[in-house]
Amino acid sequence: MRRYSTMSYPDSVWDLKVVRAKFGVGAVDELGYEVKAYGAKNVLIITDEGVASAGLVQRVTASLEAQRINFEVWDRVEPEPSLSSMREAINFAKTLRVDLFIALGGGSSIDTAKVTNLVLTHGGDVLDYIAPPYGGGKKIPAPCRPLIAIPTTAGTGSEASSAAIISLPDKKFKAGIVNDYLRPSLALLDPLLTTTMPPRVTAHTGRDALTHAIEAYTVRSYDAKPKPETPAERPIYGGANPFTDLLAAKAIELIGGSLREAVYHGWNLEARSNMLLASFLAGVAFSNAGLGAVHAAAFPVGGRFHIPHGLACALLLPAVMEYNLPSNYMKFAEIAALLGENVEGMDVREAAELSIEAVKNLERDIRIPSGLSEVGITKEDIPELAEEAIKVRRMLIGNPRPITKEDMEKIYENALENY
Ligand SMILES: [Fe+2]
């Protein structure tokens with residue numbers, strides 16, 4: 001009788017990992033209670049100067065003081081944090097006794113807190129944990145200390161994810177550490193903390209969230225990969241499943257309905273609540289399903305040209321959607337409808353194409369630059385960008401359509417002028 005190895009079969013199991021979350025106006029006032037519940041007496045708050053000068057640190061410390069919890073503040077997180085800035089935070093943390101970390105800010109603060117927590121708990125250097133060729137690829141052996149993430153932007157989804165992104169300026173590249181032990185213990189989601197976010201940051205981070213949702217919704221399905229030999233070999237980015245589809249679809253709908261309002265009327269609490277919820281839902285979706293070619297292409301754009309991550313994603317999303325469209329017209333047609341387009345009576349291909357127009361209209365409305373050209377990227381830069389992007393295997397493996405270096409070059413070319 002002929003025998004098949006398990007590798008001959010498609011994977012038949014999906015595995016959803018979700019961060020515990022508290023959501024709502026006033027959620028941050030419950031921080032002291034939560035820290036106490038973890039049995040922590042000494043905490044380190046990791047944040048940036050912008051958040052500190054907006055007075056948001058006091059919102060957090062008031063709750064800690066009420067519970068008599070000792071705290072220290074590190075407010076020197078860099079935007080798109082570099083390896084050296086993370087090492088500075090780690091060196092500061094090493095001088096303290098820290099039972100629990102609090103990350104207050106955008107993705108940069110949350111990622112810096114994740115990496116600081118990792119090195120403080122398990123030793124070594126940041127580079128040890130980054131995948132080759134840039135790092136040593138060391139596995140994280142066990143859980144880290146508790147980490148409570150309090151986002152002040154609505155976009156990166158880092159409060160829900162198992163990833164931390166680190167800029168390597170000398171390599172002109174952004175590397176990621178992805179491991180389930182990096183997921184925060186708790187996400188405290190308080191929309192009031194996002195109301196002071198400036199319009200440009202709201203636009204960029206909101207477009208990052210939309211990219212997470214669209215990529216998670218359209219990546220390959222969990223059963224489009226071979227069944228692993230053991231559960232431990234199942235990738236963290238396991239492909240779309242019915243649950244991630246629900247979350248991603250809701251996130252797309254919320255962003256389509258609220259991002260413009262959040263950009264232009266930042267004190268609209270309903271719009272801010274919708275965006276914060278969407279960012280979290282998209283974060284849960286992508287950190288289980290995975291991401292695709294937009295994020296692979298955005299990493300070298302951010303690394304080489306110092307373009308904020310959300311903006312890089314916004315500039316590349318329409319061209320990648322166009323490339324991926326034939327892989328699943330139905331899902332792209334659904335995206336058009338979720339973004340508020342009237343697709344009634346259209347055939348599925350026509351409706352799918354409308355999803356790209358809907359995304360471009362949103363970009364125009366919130367004043368995202370018209371393409372890579374407008375941020376100083378030229379045709380001559382494309383070969384090197386494509387060379388780097390094609391190395392981001394952990395993203396490209398889930399892209400719904402196989403992609404070569406030449407395909408990637410074409411995507412960058414198309415993204416020079418989006419409208
Ligand atoms: Fe992202």
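The values are calculated or read from the model by the stated rules, or taken from the named source; none is laboratory data. This structure is a prediction, so every number in the text was calculated from the model and none was measured. Positions of Cβ are generated from backbone atoms using ideal geometry, with glycine treated the same way; all protein chains shown enter the neighbour counts. Ligands, DNA and RNA are excluded from the accessible area calculation, which covers all protein heavy atoms including side chains. Shrake-Rupley method; radii C 1.70, N 1.55, O 1.52, S 1.80 Å.
Once both axes come from the Cα atoms, what is the angle between helix 107-122 and the longest principal axis of the chain, in degrees from 0 to 90, rounded to 10?
That works out to roughly 60 degrees.
Quick check: convex hull of the Cα atoms in the range 104-237, volume per residue, rounded to a whole Å³?
On the way: hull volume 18.3 nm³, N = 134.
Per residue, the Cα convex hull of the range 104-237 comes to 137 Å³.
FRET efficiency for LYS22 and GLU413, Cβ-Cβ distance as r, R0 = 45 Å, nearest 0.05? Please report the intermediate quantities before stating the final value.
Values: r = 45 Å, r/R0 = 1.00.
So, using R0 = 45 Å, E works out to roughly 0.50.
Counting only C-alpha contacts under 8 Å and six or more residues apart, can you give the relative contact order of the range 199-415 as a whole percent? Don't skip to the answer; put the middle values down first.
On the way: 352 pairs, mean separation 57.1, N = 217.
Over the range 199-415, the number comes to 26 percent.
With +1 on each Lys and Arg Cβ and -1 on each Asp and Glu Cβ, how big is the dipole of the chain about its Cα centre, in debye rounded to the nearest 20? Write out the running numbers ahead of the final one.
Values: 43 positive and 51 negative charges, 286 e Å.
The calculation lands at about 1380 debye.
State the percentage of accessible surface on the chain attributable to carbon and sulfur atoms; use a 1.4 Å probe and exclude ligands, DNA and RNA. Spell out each step's value before the answer.
Details: 9010 of 17170 Å².
Carbon with sulfur: 52 percent of the solvent-accessible area.
In the Gaussian network model of the chain, springs joining C-alpha atoms below 10 Å, which of ILE366, ILE69, ILE166 carries the largest mean-square fluctuation?
ILE69
Enumerate by residue number the trypsin sites (Lys or Arg not before Pro) in the range 18-108 meeting two conditions: DSSP loop (anything except H, G, I, E, B), and at most 12 other Cβ atoms within 10 Å of the site's Cβ. The partial results should precede the final answer.
Working: sites: ARG20, LYS22, LYS36, LYS41, ARG59, ARG68, ARG76, ARG87, LYS94, ARG97; in loops: LYS41, ARG68, ARG76, ARG97.
Sparse-neighbourhood loop trypsin sites (Lys or Arg not before Pro): ARG68, ARG97.
Given Cα pairs under 8 Å that are at least 6 residues apart, what percent is the relative contact order of the range 26-189?
Working: 326 pairs, mean separation 37.7, N = 164.
Worked out over the range 26-189, it gives 23 percent.
If you take the charge dipole of the chain about its Cα centre, with +1 on Lys and Arg Cβ and -1 on Asp and Glu Cβ, which of ILE45, ALA285, ILE69 is farthest toward its positive end?
ILE69
Putting +1 on Lys and Arg Cβ atoms and -1 on Asp and Glu Cβ atoms, find which of GLY124, LEU96, ILE150 reaches farthest to the positive end of the dipole of the range 26-189.
Positive-most Cα among the choices belongs to GLY124.
Measuring from the lowest to the highest alpha carbon on each principal axis, how far does the range 295-349 reach, largest first, in angstroms?
44, 22, 11
Sum up the charges of everything whose Cβ sits under 12 Å from the Cβ of TYR38, counting Lys and Arg as +1 and Asp and Glu as -1, but leave TYR38 out.
With Lys, Arg at +1 and Asp, Glu at -1, the neighbours total +2.
If you take the charge dipole of the range 155-252 about its Cα centre, with +1 on Lys and Arg Cβ and -1 on Asp and Glu Cβ, which of ALA203, THR230, LEU188 is farthest toward its positive end?
ALA203
Let me check I have the definition right: for the range 199-415, take the eigenvalues of the Cα gyration tensor, multiply each by 5, take square roots. What are those semi-axes in whole Å, largest first? Let's see the in-between values first.
Working: eigenvalues 115, 98, 60 Å².
Those come to 24, 22, 17 Å.
Translational diffusion coefficient, Stokes-Einstein: compute it for the range 26-189 using the Kirkwood radius over C-alpha pairs as Rh, at 10 °C and 1.306 mPa s, and state it as an integer in µm² s⁻¹.
Working: Rh = 15.6 Å.
Here the translational diffusion coefficient equals 102 µm²/s.
Among ASN399, ASN274, ASN70, which one shows the highest mean-square fluctuation when the chain is modelled as a Gaussian network with alpha-carbon springs under 10 Å?
It is ASN70.
Alpha carbon centre of the range 42-90 versus the range 160-231: separation in Å?
Answer, in whole Å: 21.
How much of the pair distance distribution for the chain lies past 42 Å, counting alpha-carbon pairs only, in percent? Show your work: numbers first, answer last.
Details: 8549 of 87571 pairs.
When every Cα pair of the chain is considered, 10 percent fall beyond 42 Å.
Which whole-number percentage describes the relative contact order of the chain, with Cα contacts under 8 Å and a sequence gap of 6 or more?
Numbers: 872 pairs, mean separation 65.9, N = 419.
Relative CO of the chain lands at 16 percent.
Mind telling me which of HIS204, HIS122, HIS309 comes out most flexible in a GNM of the chain, alpha-carbon contacts under 10 Å?
HIS122
Using 27 Å as the Cα-Cα cut-off, could you pick out the over-long pairs in LYS174/LYS410; LYS114/LYS172; LYS22/LYS94?
Values: LYS174/LYS410 22 Å; LYS114/LYS172 22 Å; LYS22/LYS94 30 Å.
Result: LYS22/LYS94 exceed 27 Å.
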